[in-house]
Amino acid sequence: MNKNSCRECSIRERCIDQSNTAAYIKNMIRNAFNSHTDTVSTWAQLQKNCLWVIEAEASKRREREESQLSLRLRRARQANEEPDQVPDEEATQRADKTRQDTVIIPLPEPTTPVPHPKPAPIIFSDPTQEETPTPQMFRPETDQPETPSKTVFKPQQRVAPRPSALWWLTINHSRRHISLPTFGKLLLGRFDPHSNSPVDIDLTYEDRNTLSISRRHARIVGLDGRHTIEDLDSSNGVFINSAEIAPYHPHRLQSGDHIALGSLEMFYDKIPPDFLDTFAGADQARRILFITHTGRKMIISPPNNILIGRSDPAINFAPSIDLSHDGEVAACVSRRHARITWSIYGPHLTDLGSSYGTRLNGEKLDRNQVVLLKPGDHISLGGCVLAYDVEM
């Protein structure tokens, strides 16, 4: 608004009344206008709370918000057009109550014949050799989003795994599995909303009754397929076969070792071949996603995609798996955080360019990187940890 127009402004009295000034100053401004002795400084004092300027700024702000809302609505419509799967909550509850562990859902038959009647699973190579790509972390052929019917998995990636190099922990209480990396490290503990470095394995749910797990309790390091465990000066210690280990002194794990973090007991062993065969889609396997902080369990099954994120009521958007129901642990989860797709080898995880990223067993994924999941894998979505497991 032009300052010279204050004298002819039709709402000048309203501006004077609503200005944040003392009553005697308001009278001085009125007298100045009535006697035509108003100056530029008088207008400047009045226009600090000019109603025309406030309305113009509010109108511009509303236009920006409407533009952003239109963009979010368009994205939501595009997301709703994708065939994402909503897990059957009632079926999950019935399965938990009756413990009927067999859910048989056959995978679709391939449209073209394959050389072998049963495709071989995917190898887990030595990730320290840079010249050899990591087969379980391959990228799609195009950066454009693809529907499940167009997803292509290259035949040359059908190479046999090395079961002898794959190990896991089994938690005695819940029978949940924790897959251990061939090369890499995992941080075990419990969720802390004030921590900038969330744990890779959240044991909050199993420890809910005893509260014996520290925020940063222990670290497991994998090297060439074997593992060491280190107590990070936890409150209740780390015990191997009933013997406590010293803090910050890595202990080499042996097959059959019993591990206790506080009062939570685990068992260290190789992953049985029967579980590895579920890569190829064994019919007798029930696939589960388990929110490790709250204990919420969901059954997932092919062939539909599964979108993982947080709902947004403002744009009427809800993903297939809505983590906003799990409280503060999902505070850093994006609305469209990650997606699970399916192939003849099993489920594959993809980060969708989330704000806080996606980590699989402690390793950060690149945007649009496709990773084959195996039983015991732990997925961290901005600190909210989901465990993928298989029940036979």
Using packing as a proxy for protection, rank 366-372, 23-29, 341-347 so that the peptide with the highest average count of other Cβ atoms within 10 Å comes first. 341-347, 366-372, 23-29
Could you give the length gained by full extension between Asp233 and Val53, i.e. 0.36 nm per residue of separation minus their alpha carbon distance, to one decimal place? 58.8 nm
Can you compute the charge dipole magnitude of the stretch 312-376 about its Cα centre, using +1 on each Lys and Arg Cβ and -1 on each Asp and Glu Cβ, nothing else charged? Give it in debye, rounded to the nearest 20. 220 debye
Just to be sure I understand the model, the point goes 7 Å from the Cα along the line to the Cβ. What's the resulting Ser324 to Asp274 distance in nm? 4.2 nm
Starting from the amide H of Glu265, placed 1.01 Å from N in the peptide plane, find each other amide H under 5 Å away whose residue is 5 or more places distant or on another chain. Asn172, His173
Radius of gyration and maximum dimension Dmax of the stretch 235-392, Cα, Å: 17.6, 55
For the stretch 299-310, take each phi angle, set θ = phi - 60°, evaluate the Karplus expression 6.51 cos²θ - 1.76 cosθ + 1.60, and give the result in whole Hz per residue in order, putting x for glycine and proline. 8, 10, 7, x, x, 6, 5, 10, 8, 10, x, 10
Principal axes of the stretch 346-392: Cα extent on each, largest first, Å: 35, 20, 14
Virtual spin-label span in nm between Asn31 and Glu13, 7 Å along Cα→Cβ: 1.9 nm
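Run the numbers for Ser311 and Asn368: contour at 0.36 nm per residue of separation, minus the present Cα-Cα distance, in nm. Display every interim value, and only then the final one.
Values: separation 57, 0.36 × 57 = 20.52 nm, distance 2.11 nm.
Net length gain for the segment: 18.4 nm.
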Relative packing of peptides 317-326, 36-45 - highest average C-beta neighbours within 10 Å first: 317-326, 36-45
Under 14 Å by backbone N from the virtual spin label 7 Å along Cα-to-Cβ at His173, the residues of the stretch 284-307 are 292-296
Mean separation of Cα contacts under 8 Å (6+ apart) over length of the stretch 171-253, as relative contact order %: 24 percent
In order over the stretch 228-236: 3J(HN,Hα) from phi, Karplus 6.51/-1.76/1.60, θ = phi - 60°, whole Hz, x for each Gly or Pro, gives 10, 10, 9, 7, 8, 6, 6, 5, 10
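Quote to one decimal, in nm, the extra length available between Ala331 and Asn209 on full extension: 0.36 nm per residue of separation minus the C-alpha distance between them.
Values: separation 122, 0.36 × 122 = 43.92 nm, distance 2.41 nm.
Extra length from Ala331 to Asn209 when fully extended: 41.5 nm.
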Can you list the HN-Hα couplings for the stretch 312-323, worked out from phi with the Karplus curve (6.51, -1.76, 1.60; θ = phi - 60°), rounded to whole Hz and with x for Gly and Pro? 9, x, 4, 10, 6, 10, 9, x, 4, 10, 9, 7
Mind putting together the pair-distance distribution for the stretch 170-238? All Cα pairs, 5 Å bins, whole percent per bin, short to long. 4, 17, 23, 28, 19, 7, 2, 0
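How large is the Kirkwood hydrodynamic radius of the stretch 197-323, counting all unique pairs of alpha carbons, in Å?
Numbers: mean 1/r = 0.0570 Å⁻¹.
17.5 Å is the Kirkwood radius here.
The numbers here are math on the coordinates, done by the rules we state, and not lab data. Fair warning: this is a prediction, and the values are worked out from it, not measured in the lab. We place every Cβ from the backbone using ideal geometry, glycine too, and count neighbours over all the protein chains shown.
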